[in-house]
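> First the structure, then my questions, so here it is.
The values are calculated or read from the model by the stated rules, or taken from the named source; none is laboratory data. On a predicted model such as this, the values are computed, not experimentally measured, just so you know. All Cβ positions, glycine included, derive from the backbone under ideal geometry; neighbour counts span all protein chains shown.
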Amino acid sequence: MTEAKSSVVEGEFAVAESAWQIIESLWPNLDLTGHSVLAYAALAGEPDLDPVIDRFLARGGTVYLPVVTTVGHALMFGTVTESMATLHARGRWRIREPSPVLTAADLMSAEVAPDLVFVPALGFGPGGARLGNGGGFYDRTFGPRGEVPLSGRGHASVVYGVCFSTEIGLPELTVEPWDLQITRAVTDHGVHSFD
């Protein structure tokens with residue numbers, strides 16, 4: 001394995017461990033029965049949370065993943081029932097996805113809303129401006145003008161962006177009125193809060 005490849009693998013492991021530490025802080029006994037998380041299946045350049053998802057499932061938790069259905073629309077969501085290795089890449093972006101069964105409104109309803117939300121990013125700018133893969137799906141779903149805005153809704157979900165520590169503080173990123181802003185991110189160096 002080359003030194004660069006080894007560094008990426010170590011960084012992904014560290015991000016996953018930082019994410020698991022958040023779970024341990026929320027549920028110290030690690031009985032995750034009745035608890036749920038919204039995570040993601042990583043694309044190239046995004047930290048891989050598969051180990052976290054698999055551990056969460058093994059301890060009795062419920063995991064939701066986003067599903068891209070139509071360009072220009074909000075995400076839908078499905079439930080992961082087995083290891084992440086069982087999901088197959090599909091659709092235009094070749095993302096590993098479960099079958100879509102919930103709209104964003106269904107997912108964030110009082111009866112279903114995940115306790116914890118991990119939002120993937122390729123980087124963050126000042127104030128939590130998020131750089132995604134360019135499709136705008138998270139903005140259309142969870143941004144201030146999205147189907148179910150994460151800010152100002154009074155929802156109980158704890159929200160973290162996820163990226164590598166070298167992707168924090170990108171000065172060229174600015175927040176547009178429709179952009180999803182993140183207040184804290186989990187990285188290979190732990191949690192970073194945006195002031």
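> When you look at Val158, is it at pLDDT 95 or above and on the phi < 0 side of the Ramachandran plot, yes or no? Reasoning before the result, please.
On the way: at pLDDT 95 or above: no; on the phi < 0 side of the Ramachandran plot: yes.
Spelling it out, it is not the case that Val158 is at pLDDT 95 or above and on the phi < 0 side of the Ramachandran plot.
> Can you work out which of the residues in region 102-155 that are basic (Lys, Arg) and surrounded by fewer than 16 Cβ atoms within 10 Å (Cβ to Cβ) is modelled with the highest pLDDT?
Arg145
> What tally of residues in region 175-193 results from selecting those that are assigned to a loop (DSSP other than H, G, I, E, B), surrounded by fewer than 18 Cβ atoms within 10 Å (Cβ to Cβ) and in contact with a helix residue (DSSP H, G or I) (Cβ under 8 Å, 6 or more places away or on another chain)?
Selection size over region 175-193: 4.
> Sort through Leu102, Leu173 and tell me the only one that's of a type in the set (A, V, I, L, M, F, W, C), at negative phi and touching a residue at least 40 places away in the same chain (Cβ under 8 Å).
Leu173
> Okay, next question. Determine whether region 130-148 contains at least one residue that is touching a residue at least 12 places away in the same chain (Cβ under 8 Å), touching a Lys or Arg at 6+ places or on another chain (Cβ under 7 Å) and in a strand (DSSP E or B).
no
> Return yes or no: is Ser165 hydroxyl-bearing (Ser, Thr, Tyr) and within 19 Å of Glu12 (Cβ to Cβ)?
Taking the combined requirement at face value, the residue satisfies it.
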